[in-house]
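> The structure follows.
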Amino acid sequence: MNWKIWTYIDQEDWLNIGITIGVILLFLVLRKVFTKYIFYLLIKLSKKTKTTFIHQVLEAYERPLRWLFVIIGIYVAIDYFPYIQQENLFILKALRISIIFLITWGLVNLSSKSSILFLKLNKHTSIEIDQILIPFLSKAIRFIVIAISFTVILQEFDYDISGFVAGLGLGGLAFALAAQEVVKNLFGGIVIITEKPFSIGNWIQTPSVEGIVEDINFRSTIIRTFADALITIPNSTLSNEPITNWSAMGKRRINFNLGVEYHTPKDKLEKVVIQIRELLETHPEIHPETIFVRFNEYNSSSLDIMLYFFTKTTVWGEYLRVKEEINFKIMEILEKEEVSIAFPSHTLYFDKENPLSIQKKDQESQ
């Protein structure tokens, strides 16, 4: 009799276990269908809307939604599983914690796209957010979201949050002493943000590094050098160094001396100076505000013409192109006037009657 009852119960349990597995498999299939068809259709529809916010939210919650099907499937399947009660307190807490985790996951993913949201905010409102603030704000949002989720999960386990906060206060001094460099870098980052010596994408130069600013975070600033290497500089170091922001230039300077030979006639020298000045004043890519072309000084081996002017462009490649073009034009002017560029030289004069006079004079001077 007992053996028959055991056999009956065992068969019923196997049936329920089979239903449990079937429910889980069903939700896995629904997950696949949702991801491949329904979610894909929602993504396509969101791209046609005027705002990109809905599209970003859907992309941020794509993977959390996949896992949501798994969690719901497991919860529904537990109702058929013979050895676990669906109303079990641990099961309910695990379900709530899982949902909180998925919501947090999506919000963290969305905060990584917050740079786009901030750019939209700059474009459509009067609120101006500097690009250098965007990485800080994005990371701050992530930290706040994770901190709130962590406290909610602790409350699910009936943990006293006030005691946890008090514990943080008692350990604050020890933490501050152990993390002095971190605090220095954090305040260095705040100094950089408030003073705004540069922004993301700027070309800067300091005594320790030169390159394009790619990112700034709570601890350091990341700069890509012109050798295509990434350099990470602590904010405390960068905030205490003189910073030259080349990207902030409104124009770019060209300054050099053009030395011509000493036997150049005065009238030809004047013509060369006038023609070079006219070349710069009429060139469309030379800034008209400051142009100096003057016969400046008598050098040891040349007559020097000073050229001091600015290009309108500040882009390195364009600047070099304009500078090259000006150099070729100056060569054409010199060739036209038959004026030669001087090179360093020394002239020695010998006394034909007494060739050793120079040597004697040197001995007397000694």
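The values are calculated or read from the model by the stated rules, or taken from the named source; none is laboratory data. Bear in mind the structure is a predicted one, so any value in this text is a computation, not a measurement. Here the Cβ is made from the backbone with ideal geometry for all residues, glycine too, and neighbour counts use every protein chain on show.
> May I ask you to list the residues in segment 189-208 that are of a type in the set (A, V, I, L, M, F, W, C) and closer than 10 Å to residue 243 by Cβ?
Within segment 189-208, 192, 198, 204 meet the criteria.
> When the residues of segment 73-87 are narrowed to those that are of a type in the set (A, V, I, L, M, F, W, C) and crowded, with 17+ Cβ neighbours inside 10 Å, which ends up modelled with the highest pLDDT? Explain how you work it out, then say what you get.
To start, the set of residues in segment 73-87 that are of a type in the set (A, V, I, L, M, F, W, C) comprises 74, 76-78, 81, 84.
Right, trim to crowded, with 17+ Cβ neighbours inside 10 Å and you get 74, 77-78, 81.
On the way: 74: 82, 77: 79, 78: 78, 81: 74.
Here the answer is 74.
> On to the next question. Suppose we filter 224, 219, 253 for residues that are closer than 30 Å to residue 343 by Cβ and either outside the structural domain of residue 314 (by TED's automatic domain parsing) or modelled with pLDDT of 80 or more (or both); which single one remains?
Values: 224 fails: closer than 30 Å to residue 343 by Cβ; 219 fails: closer than 30 Å to residue 343 by Cβ.
Checking each option against the conditions leaves just 253.
> Would you say residue 326 is under 46 Å from the mean Cα position of the chain (by Cα), at pLDDT 90 or above, in a strand (DSSP E or B) and surrounded by 17 or more Cβ atoms within 10 Å (Cβ to Cβ)?
Considered against the rule, which asks whether it is under 46 Å from the mean Cα position of the chain (by Cα), at pLDDT 90 or above, in a strand (DSSP E or B) and surrounded by 17 or more Cβ atoms within 10 Å (Cβ to Cβ), residue 326 comes out as no.
> Can you tell me which condition residue 235 does not meet? The list is (1) more than 30 Å from residue 336 (Cβ to Cβ); (2) without any contact (Cβ under 8 Å) to a residue 24 or more places away in the chain, and all the others hold.
(2)
> Further, regarding this structure: Among the residues of segment 303-322, write down those that are under 16 Å from residue 281 (Cβ atoms) and assigned to a loop (DSSP other than H, G, I, E, B).
Correct list: 312 only.
> Any residue at all in segment 58-68 that is over 13 Å from residue 106 (Cβ atoms) and surrounded by 15 or more Cβ atoms within 10 Å (Cβ to Cβ)? Explain how you work it out, then say what you get.
Within segment 58-68, the subset over 13 Å from residue 106 (Cβ atoms) is none.
Within segment 58-68, not a single residue is over 13 Å from residue 106 (Cβ atoms) and surrounded by 15 or more Cβ atoms within 10 Å (Cβ to Cβ).
> Using the structure shown, decide if residue 225 is free of Cβ contacts under 8 Å to residues at least 24 places away in the same chain and of a type in the set (Ser, Thr, Tyr). Walk me through it before giving the result.
Values: free of Cβ contacts under 8 Å to residues at least 24 places away in the same chain: yes; of a type in the set (Ser, Thr, Tyr): yes.
Yes: the conditions hold for residue 225.
> Regarding residue 15, is this residue at pLDDT 80 or above, more than 30 Å from residue 54 (Cβ to Cβ) and assigned by TED's automatic domain parsing to the domain that holds residue 62?
Values: at pLDDT 80 or above: no; more than 30 Å from residue 54 (Cβ to Cβ): yes; assigned by TED's automatic domain parsing to the domain that holds residue 62: yes.
Against the criterion (at pLDDT 80 or above, more than 30 Å from residue 54 (Cβ to Cβ) and assigned by TED's automatic domain parsing to the domain that holds residue 62), residue 15 does not qualify.
> Looking only at segment 277-296, filter to residues that are in contact (Cβ under 8 Å) with a residue 12 or more places away in the chain and more than 42 Å from the chain's Cα centre (by Cα); which one of those is surrounded by the fewest Cβ atoms within 10 Å (Cβ to Cβ)?
The qualifying residue surrounded by the fewest Cβ atoms within 10 Å (Cβ to Cβ) is 294.
> Can residue 40 be described as farther than 27 Å from residue 93 by Cα and among the hydroxyl-bearing types (Ser, Thr, Tyr)? I'd like the intermediate steps shown before the answer.
Values: farther than 27 Å from residue 93 by Cα: yes; among the hydroxyl-bearing types (Ser, Thr, Tyr): yes.
For residue 40, the condition - farther than 27 Å from residue 93 by Cα and among the hydroxyl-bearing types (Ser, Thr, Tyr) - is met.
> Taking segment 227-282, which residues are closer than 30 Å to residue 189 by Cβ and of a type in the set (S, T, N, Q)?
232, 235, 236, 237, 239, 240, 244, 245, 247
> Right, another one. What is the one condition in (1) in contact with a Ser or Thr (Cβ under 9 Å, 6 or more places away or on another chain); (2) of a type in the set (Phe, Trp, Tyr); (3) modelled with pLDDT under 85 that residue 203 does not satisfy?
Status for residue 203: all satisfied but (3).
> Taking only segment 191-216 into account, find how many residues are at negative phi and either part of a loop (DSSP other than H, G, I, E, B) or aromatic (Phe, Trp, Tyr) (or both).
Adding up the residues that qualify gives 10.
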